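Asks: The following block contains the structure, expressed as structure tokens.
What follows draws every value from the coordinates through simple rules; no lab data is involved. Keep in mind that this is a model prediction, so the values were computed, not measured. Cβ atoms come from the backbone with ideal geometry, glycine included; neighbour counts cover every protein chain shown.
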């Protein structure tokens, strides 16, 4: 099941003063990751929600791709900057920064995958979990 969400809906969901149920840390972290991706015009942002799946490795995968190694690296830098600024935390582990074909930022409960287009089409991570809720984030 793929659900689409727009930038305006993300802003409305996180607007101050609005009554809503309390979010857990992984939900907040996922929203900040998506904002960091959008700041650098990441392509085809997907959020995979594993919270309802038993024995899952984390709460969310956030997946996107860039058009080049430089673009993928700038997306990664933007995510780290946004999370550092808003949540004052750093990734527990990161990989793939040298060749930037597939950059992984592991925040334990949220794992971020930043691909170059060819690598994303080859690995197709979003097709591996048919039982997870997949949300496509629309660009404005």
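Asks: What's the extension gain from residue 131 to residue 86 if we count 0.36 nm per residue and subtract their Cα-Cα distance?
Replies: 13.1 nm
Asks: How large is the Kirkwood hydrodynamic radius of region 95-140, counting all unique pairs of alpha carbons, in Å?
Replies: The answer is 12.2 Å.
Asks: Also: Just the number, please: percent antiparallel of the DSSP beta bridges in region 37-137, rounded to the nearest 5.
Replies: 70
Asks: Semi-axes of region 37-137's equivalent ellipsoid from the Cα gyration tensor, sqrt of 5 times each eigenvalue, largest first, rounded to whole Å?
Replies: Those come to 20, 17, 12 Å.
Asks: Ranked highest first by average number of other Cβ atoms within 10 Å, how do 117-130, 40-53, 63-76, 90-103 line up?
Replies: 63-76, 40-53, 90-103, 117-130
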